[in-house]
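Undergrad: What follows is a single structure, and I will ask about it in a moment.
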Amino acid sequence: MPTYDNILVETHGRVGLIRLNRPAALNALCDALVRELGAQLQAFDADKAIGAIVITGSDRAFAAGADIKEMHGRTNPDAMMEDFIGANWESVLKVKKPVIAAVAGFALGGGCELAMMCDMIFAADTAKFGQPEINLGVIPGAGGTQRLTRAVGKSKAMDMVLTARMMDAAEAERANLVSRVFPADQLLPEVLKIAAKIADLSPVAVQFAKQAVNRAFETTLAEGVRHERALFLSLFGTPHQKEGMAAFIEKRKPNFQ
Ligand code: CO8
């Protein structure tokens, strides 16, 4: 397993786990961390032994945002030329396998945006989500105004982005920002179980399912349904469809690997 300065990497069976690991800065997403995260996501995506990926932080923080100390001195031309929000920040979006965020503690600013780029968010009952950039004289810059609005609706998104208030786990679940909430000590074991279940399914069907759901955010209903239909039909050309349906009929567990 590669070693990095700002993340820890583990495998649990077919699940790849990435722990954000800058405890002294509440996992603030400095350039080096974001680069390392991108590199490991790419490595897990390319690894046939991995079927799903989990990103988590510590009990105290998933990530408290982009690194304010690193951003503070940046000028506009520097920021434009370095493309500091570009390729690495969006590396999660390029992953074909499911990426799950397991959030305990603070998920603020870029930390909340990173979680929202994942395919699902599971939260500990200690989780706190927020887009507090307005307090710093800026606004969210890695998709926060768009993904939060699509997840929780306009009024709540405006409330969060304009007042910088944090949303706790219970509110985040009610508002559909997160899919399930677990007691803090159960979060990682439960998320690893969910990820392991997904990782044992047909990798092609899982990839297509992820692609089809994501298309719902990008296109019209009619085009999205056409896209879904094309993916659905193409799965009938895979051995996984034969295996999945045969296993049902023969009353046994399918073997997709
Ligand atoms: N950046 C850098 N350091 C941080 C950050 C951060 N975002 N958050 C916390 N830290 C550091 C603190 O400076 C402190 O370090 P030190 O001990 O050296 O002073 C350490 O982490 C512990 O933090 P606190 O002492 O503040 O801990 P508290 O428990 O008192 O407070 C909070 C916790 C409420 C989370 C508080 O730390 C806080 O408000 N943090 C900043 C949250 C924030 O504003 N996030 C948004 C940042 S901007 C952003 O994310 C833009 C995203 C754009 C994406 C694309 C750009 C690359």
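The values are calculated or read from the model by the stated rules, or taken from the named source; none is laboratory data. Fair warning: this is a prediction, and the values are worked out from it, not measured in the lab. All Cβ positions, even for glycine, are placed from backbone atoms using ideal geometry, and neighbour counts span all protein chains on display. Quick note on the areas: whole protein, heavy atoms, side chains included, nothing else; ligands and nucleic acids left out. Shrake-Rupley method; radii C 1.70, N 1.55, O 1.52, S 1.80 Å.
Undergrad: So ALA46 clears everything in (1) more than 16 Å from the ligand (Cβ to nearest atom); (2) without any contact (Cβ under 8 Å) to a residue 24 or more places away in the chain; (3) over 21 Å from ALA87 (Cα atoms) except one condition, right? Which one?
TA: (3)
Undergrad: Can you pull out the residues in the range 1-30 that are outside any loop (DSSP other than H, G, I, E, B), open to solvent by less than 50 Å² (accessible area, probe 1.4 Å) and farther than 17 Å from ALA102 by Cα?
TA: Correct list: ALA25 only.
Undergrad: Also, quick follow-up: Of all the residues that make up the range 117-140, how many are in contact with a Cys (Cβ under 8 Å, 6 or more places away or on another chain), outside any loop (DSSP other than H, G, I, E, B) and either near the ligand (Cβ under 8 Å from one of its atoms) or polar (S, T, N, Q) (or both)?
TA: Within the range 117-140, residues that are in contact with a Cys (Cβ under 8 Å, 6 or more places away or on another chain), outside any loop (DSSP other than H, G, I, E, B) and either near the ligand (Cβ under 8 Å from one of its atoms) or polar (S, T, N, Q) (or both) number 1.
Undergrad: For the structure I just gave you, tell me whether ASP78 is open to solvent by 20 Å² or more (accessible area, probe 1.4 Å), farther than 17 Å from LEU136 by Cα and in contact (Cβ under 8 Å) with a residue 12 or more places away in the chain.
TA: no
Undergrad: Can you tell me how many residues within the range 96-116 are within 16 Å of the ligand (Cβ to nearest atom) and either open to solvent by less than 10 Å² (accessible area, probe 1.4 Å) or more than 15 Å from THR145 (Cβ to Cβ) (or both)?
TA: 13
Undergrad: Please pick out the residue among VAL191, VAL181, VAL206 that is assigned to a strand (DSSP E or B), open to solvent by less than 50 Å² (accessible area, probe 1.4 Å), in contact (Cβ under 8 Å) with a residue 40 or more places away in the chain and touching a strand residue (DSSP E or B) at 6+ places or on another chain (Cβ under 9 Å).
TA: VAL181
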